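Asks: My questions all concern the structure below.
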Amino acid sequence: MVLAELGGSISRAIQQMSNATIIDEKALNDCLNEITRALLQSDVQFKLVRDMQTNIKKIVNLDDLAAGHNKRKIIQQAIFNELCKMLDPGKPSFTLKKGKTSVVMFVGLQGSGKTTTCTKYAYYHQKKGWKPALVCADTFRAGAFDQLKQNATKAKIPFYGSYMESDPVKISVEGVERFKKENCDLIIVDTSGRHKQEVALFEEMRQKPDLVIFVMDSSIGQAAFDQAQAFKQSVAVGAVIVTKMDGHAKGGGALSAVAATKSPVIFIGTGEHMDEFEVFDVKPFVSRLLG
Ligand code: GDP
């Protein structure tokens, strides 16, 4: 189920409940079952969905709601809050400071959109007055450096990498040193998407990354939770970017990635182009989802 359909299904379930002559236990259960089905079809992890259902039932105690209460509104609010809670790890992402060098490392599986997202992230900050630079520490995939170089050139962002060097740590250290000297305040390191390499990178870099961003393809479905958790176990993921939210994206993966990494989604990718990139805010996202 794609994201727009998910929102539609949830809204419909709430509407159906509202149309019932009386909102009793059965009407509420029918509504929650419908929402559960929609979330599972959107690849939200089963445990998250079950917890959500339990929480809503705890909050909405029908016996306690006097006849005069607007039950529909209370239930709708509870559903809204629970969806927000799923997407909000309860702590903000590390905030970078303009003018002070920060090193940001991107991790994620090959094909997730990591290299594209590195450039989008750099470009976004460049437009806001930062001085970003890109370092290609992906020595595993042939063509990775060329791709980064091409993207960086298009966006007029300085880049560093090597066709010859096979040690990603060496490249990262050299790249970070060079761009520090050039007073870049946002040094972005693109990695290969292989856990072992990333652990070494994180441990051996002289200047530890200030932030590790996990990039996840929104269309990977139920695998999202495990994948995100695997990365979280090897490096200290501090934020998530969900890519390919255009097209046939199932939003559920995003919800699961937040739960697995306990880190906020900070941006979403909505296309292949440099500026198809949006800041992610939980409440507007859920409002839009529910129409
Ligand atoms: P990497 O292997 O993780 O570095 O992935 P790439 O950056 O090479 O991206 C893989 C493919 O996904 C490329 O064809 C990108 O153009 C495409 N891609 C990346 N982000 C998005 C996005 O937000 N939307 C769409 N539609 N395509 C994307």
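The values are calculated or read from the model by the stated rules, or taken from the named source; none is laboratory data. Just so it is clear, the structure is predicted and the values come from calculations on it, not from any experiment. We place every Cβ from the backbone using ideal geometry, glycine too, and count neighbours over all the protein chains shown. SASA here: full protein model, heavy atoms, side chains in, ligands and nucleic acids out. Shrake-Rupley method; radii C 1.70, N 1.55, O 1.52, S 1.80 Å.
Asks: Expressed as a whole percentage, what fraction of the accessible surface of the chain belongs to carbon and sulfur atoms when a 1.4 Å probe is rolled over the protein heavy atoms?
Replies: Looking at the chain in its full context, I get 51 percent from C and S.
Asks: Then there is this: Using a/c under 1.5 as the rounded threshold, could you call the chain rounded, prolate or oblate? The axes a ≥ b ≥ c are square roots of the C-alpha gyration tensor eigenvalues, and prolate needs a/b larger than b/c, oblate otherwise.
Replies: prolate
Asks: Also: Which lysines, on any chain, are close to residue 71 with Cα under 17 Å apart, when same-chain ones fewer than 8 places away are left out?
Replies: Straight-distance partners of residue 71: 26, 57, 58.
Asks: For the range 35-99 and the range 123-182, what is the centre-to-centre distance using only Cα atoms, to the nearest Å?
Replies: A separation of 40 Å, based on Cα centres.
Asks: Oh, and also: Just to confirm, what accessible area per residue do you get for the range 163-225 at 1.4 Å probe, in whole Å²?
Replies: Spelled out: the 1.4 Å probe surface of the range 163-225, per residue, equals 45 Å².
Asks: Kindly express, to the nearest 10 degrees and within the range 0 to 90, the angle between helix 46-59's C-alpha long axis and the longest C-alpha principal axis of the chain.
Replies: 50 degrees
Asks: Once fully extended, how much extra length lies between residue 26 and residue 165, figured as 0.36 nm per residue of separation less the alpha-carbon to alpha-carbon distance? Intermediate values should be presented prior to the final figure.
Replies: Working: separation 139, 0.36 × 139 = 50.04 nm, distance 6.50 nm.
Length difference between fully extended and current span is 43.5 nm.
Asks: Within the range 28-132, which trypsin sites (Lys or Arg not before Pro) sit in a loop by DSSP and count at most 13 neighbouring Cβ atoms inside 10 Å? Don't skip to the answer; put the middle values down first.
Replies: On the way: sites: 37, 47, 50, 57, 58, 71, 72, 73, 85, 97, 98, 100, 114, 120, 127, 128; in loops: 97, 98, 100, 128.
Those that pass, being in a loop and sparsely packed, are 97, 98, 100, 128.
Asks: If you filter the range 116-165 for chymotrypsin sites (Phe, Trp or Tyr not before Pro), then keep DSSP loop positions with at most 13 other Cβ within 10 Å, what is left?
Replies: 163
Asks: Moving to a separate point now. Sum -39500 (n - 2.57) across every DSSP H segment of at least 4 residues in the chain, then divide by the residue count to get the 222 nm mean residue ellipticity, nearest 500.
Replies: -16000 deg cm²/dmol
Asks: Here is a further query. Placing +1 at every Lys and Arg Cβ and -1 at every Asp and Glu Cβ, with all other atoms neutral, what dipole size does the range 12-159 have around its Cα centre, in debye to the nearest 20?
Replies: Using only the charged Cβ atoms, the result is roughly 1080 debye.
Asks: Skipping prolines and chain starts, which residues have an amide H placed within reach, meaning under 5 Å, of the one on residue 212, given they are 5 or more residues away or on another chain?
Replies: Residues meeting the criterion, in which the H sits 1.01 Å from N, are 105, 238, 239.
Asks: With charges set only on the Cβ (+1 for Lys and Arg, -1 for Asp and Glu), what does the dipole of the range 74-174 come to about its Cα centre, in debye to the nearest 20? Please list the in-between numbers first.
Replies: Working: 15 positive and 7 negative charges, 112 e Å.
Here the size comes out at about 540 debye.
Asks: In nanometres, what is the gap between the two model label sites at residue 147 and residue 281, each 7 Å from Cα along Cα-to-Cβ?
Replies: 3.2 nm
Asks: How many percent of the alpha carbon pairs in the range 1-159 exceed a separation of 22 Å? Numbers along the way, then the final one.
Replies: Values: 7467 of 12561 pairs.
Pairs farther apart than 22 Å: 59 percent.
Asks: Averaged per residue, what accessible area in Å² does the range 1-142 show with a 1.4 Å probe, protein chains only?
Replies: For the range 1-142, the per-residue accessible area is 50 Å².
Asks: Set the Förster distance to 45 Å, then compute FRET efficiency between residue 47 and residue 178 from the Cβ-Cβ distance, nearest 0.05.
Replies: Using R0 = 45 Å, I get an efficiency of 0.50.
Asks: Nearest 5 percent is fine: what portion of the DSSP beta bridges confined to the chain is antiparallel?
Replies: The answer is about 10 percent antiparallel.
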